[in-house]
1. Measure off 7 Å from each Cα along the Cα-to-Cβ vector at K155 and M127, then give the distance between these two points in nanometres to one decimal.
2. Which of the listed residues, Y154, V194, G101, is farthest toward the dipole's positive end in the stretch 5-220, when Lys, Arg count +1 and Asp, Glu count -1 at the beta-carbon?
3. Please report, ordered by residue number, every helix of the chain (full DSSP H runs) that is 30 Å or longer along its axis going by C-alpha atoms and whose mean Kyte-Doolittle hydropathy reaches 0.5.
4. Taking the Cα-to-Cβ direction at V59 and at N141 and moving 7 Å from each Cα, how far apart do the two end points lie in nm?
5. Summarise the accessible area of the chain (1.4 Å probe, protein heavy atoms) by the percent that is carbon and sulfur.
6. Can you give me the accessible area per residue for the stretch 5-220, using a 1.4 Å probe, in Å²?
7. For Q52 and E180 in the same chain, what is the full-extension length gain: residue separation times 0.36 nm, less their Cα-Cα distance, in nm?
8. Can you tell me the dipole magnitude for the chain around its Cα centre, using point charges on the Cβ only (Lys, Arg +1; Asp, Glu -1), in Debye to the nearest 20?
Amino acid sequence: MRETKIMPSLFGADISKLKEEVSPLENLNIDILHVDMMDGTFVPNIAFGPTQVADLKKVLPFQFDVHMMVENPEKFIPVLIEAGVEYISIHQEATIHLLRGIQLIKQLGAKAGVVLNPGTPVESIKMVLDEIDYVLLMTVNPGLGGQKLYVPIYKKIQDMKQLIGDRNIDIQVDGGVNAENIADCYQAGANWFVVGSFMFSGNTKENLTALEEALNKGELE
Ligand code: DX5
Ligand code: ZN
C-alpha cells in the first residue's frame, strides 16, 4: 500500500482566526496543506484567489496542494507555481485541454493531479493516467465544506485503483472525510485524505489523533 497522508483543508478553518487555526498543525505530523480555489462559475462558491494563495504560501510552513475548482485552470497555473505551490490538481470537467493543463503543471515543476466530480466516471481519465502524479476523487459535490460523504464513492475508489494498476499514482479523497469513514476510504484504495470541517471543529490535535488512530486500525485489518 502506498504511503498515507492526511491533509487539512484550509477552507474548513475559520479564516477570521487563521493563525490560531493553523498554528496547531505546525507541531503535528502534517506536511501538506490542501488549499481550495473556487471561481463562482465551476462551483457555486468563491475562495482563495491566486494572490491570497501566494500570500499564504509566504507565511505558512507547509507544502501546498491547490485544488483548482476553476474553469480554464491553465491561466492560473504559472502564477501558482511561481508562488511556490508544490501540488496542483485540475478538474477533468473544467477544461477541454486536460492534457495541456497537466503538462503545463509538470513542465513548470509541480506535481500534477486530476480531479473527478462524484458523477464523472473513472474511465474519463484513462488517456492521461501515464502523465499524472495523483487523482483526487471528490467524495461530495465540490464547492462547500461540511457535507456528508457520498457512500457509493467507495466502489468508484476501488475502480480507480484497479484502473491505475501498478502506476505510481496516489488516490486522494476530499469531502466529508472524518474518523468514522477514513478507514473505509483507505480500504477502498485511497491513501491521501483531505479533511476540512472535521479537522477544524474543536481540538485540532485530538481530531488528527482520532483520524490517525482510525487509519492505523484500518491498515491493520
Ligand atoms: C469542498 C472542498 C474541500 C472542503 C472539504 O469542495 O474541496 O476541500 O474543504 O471540507 P469537508 O472536509 O468539510 O467536507
Ligand atoms: Zn478541496
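The values are calculated or read from the model by the stated rules, or taken from the named source; none is laboratory data. Keep in mind it's a predicted model, so treat the numbers as computed, not measured. Neighbour counts are summed over all protein chains in view; Cβ atoms, including those assigned to glycine, are modelled from backbone coordinates with ideal geometry. Keep in mind that these areas ignore ligands, DNA and RNA; they rest on the heavy atoms of the full protein, side chains included. Shrake-Rupley method; radii C 1.70, N 1.55, O 1.52, S 1.80 Å.
1. Using points 7 Å along Cα→Cβ, the separation is 2.7 nm.
2. It is G101, whose Cα lies furthest towards the positive end.
3. Numbers: long enough: none.
Counting only whole DSSP H runs, no helix qualifies.
4. That separation, rounded to one decimal, is 3.4 nm.
5. Working: 4990 of 10270 Å².
Looking at the chain in its full context, I get 49 percent from C and S.
6. 45 Å²
7. Numbers: separation 128, 0.36 × 128 = 46.08 nm, distance 3.25 nm.
This chain segment gains 42.8 nm when fully extended.
8. Working: 18 positive and 30 negative charges, 53 e Å.
My answer is approximately 260 debye.
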